[in-house]
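The values are calculated or read from the model by the stated rules, or taken from the named source; none is laboratory data. Note that the structure is a prediction, hence the values are computed from the model and not measured. So basically every Cβ, Gly included, is an ideal-geometry build from the backbone, and we count neighbours across all protein chains shown. These accessible areas exclude ligands, DNA and RNA; they are computed on the full protein's heavy atoms, side chains included. Shrake-Rupley method; radii C 1.70, N 1.55, O 1.52, S 1.80 Å.
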Number of protein chains: 2
Amino acid sequence: MYTAQIKITLRKSILDPQGKTVEHSVQSLGYRNIKNTRIGKYVELEIDASSQEEANRITDEICRKLLANPVMEDYTFQITEQSEAEVEQS
Amino acid sequence: MYTAQIKITLRKSILDPQGKTVEHSVQSLGYRNIKNTRIGKYVELEIDASSQEEANRITDEICRKLLANPVMEDYTFQITEQSEAEVEQS
């Protein structure tokens, strides 16, 4: 069992009004040293795959087909193997 | 200059209908080996702080005060220092 942690962000060239809004709020709280705030999505899922490579391949396919919009968004992900103990807990 | 990468997720005990919907969509694409899908927010920001500890403290404060809802959400973050080259580019 593997866990995939996926981060999906707007491409650098695309304006992020949600990020700008958060940045203004942060600055109005007094934190003037914050900039370049970008908001994205975070997706965590468990994959029952036979190897790390297969988990990688499945995650990449899911990102391309469903989770990310390739025109506007970039994605990065990390695959970690769950220990036996964690699998039993879940 | 430091970069903070913040992941905000719903607490484990709270139902995640958005995650369930994504999971159903993924499974209807033929990936039956996916489970426990959870959706969260991802925030990236740059902090002009004098030390890693200060960047940590500021990020934690911003998460508590503004980004995360402490009743329903958990957050984790990672602080990385930007190299001189990266700072000049931005």
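So the values come out like this:
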{"quantity": "Options A:ILE6, A:VAL71, A:ASN33, ranked by Cα towards positive dipole end of the range A:2-85, top entry (Cβ charges)", "calculated": "A:ASN33"}
{"quantity": "Span from the the range B:1-25 Cα centroid across to the the range B:65-81 one, whole angstrom", "calculated": "12 Å"}
{"quantity": "Restraint check, A:LYS35/B:LYS20; A:LYS65/B:LYS65; B:LYS12/B:LYS65; A:LYS20/B:LYS35, Cα-Cα greater than 31 Å", "calculated": "A:LYS35/B:LYS20; A:LYS65/B:LYS65; A:LYS20/B:LYS35"}
{"quantity": "For the pair B and A, total buried accessible area rounded to nearest 100 Å², probe 1.4 Å", "calculated": "3000 Å²"}
{"quantity": "Crossing angle, helix B:52-62 versus chain B [Cα axis fit, 0-90 degrees, rounded to tens]", "calculated": "50 degrees"}
{"quantity": "Residue-averaged beta-carbon neighbours from other chains (10 angstrom radius) around B:26-36", "calculated": "5"}
{"quantity": "Compactness of the protein assembly as shown - radius of gyration and Dmax, Cα, Å", "calculated": "17.4, 50"}
{"quantity": "Accessible area, probe 1.4 Å, largest first, for residues B:LYS41, B:LYS65, A:LYS12", "calculated": "A:LYS12, B:LYS65, B:LYS41"}
{"quantity": "Debye equation applied to the C-alpha atoms of chain A, log10 I(q)/I(0) at 0.12, 0.14, 0.20 Å⁻¹", "calculated": "-0.51, -0.64, -0.90"}
{"quantity": "CD proxy at 222 nm, helix term only [per DSSP H run n ≥ 4: -39500 (n - 2.57); per residue of chain A; nearest 500]", "calculated": "-9500 deg cm²/dmol"}
{"quantity": "Axis-nearest residue of B (beta carbon) for the B-onto-A rotation, whole Å", "calculated": "B:TYR42, 2"}
{"quantity": "Cα-based helix-to-principal-axis angle, A:17-28 vs chain A, degrees rounded to 10", "calculated": "60 degrees"}
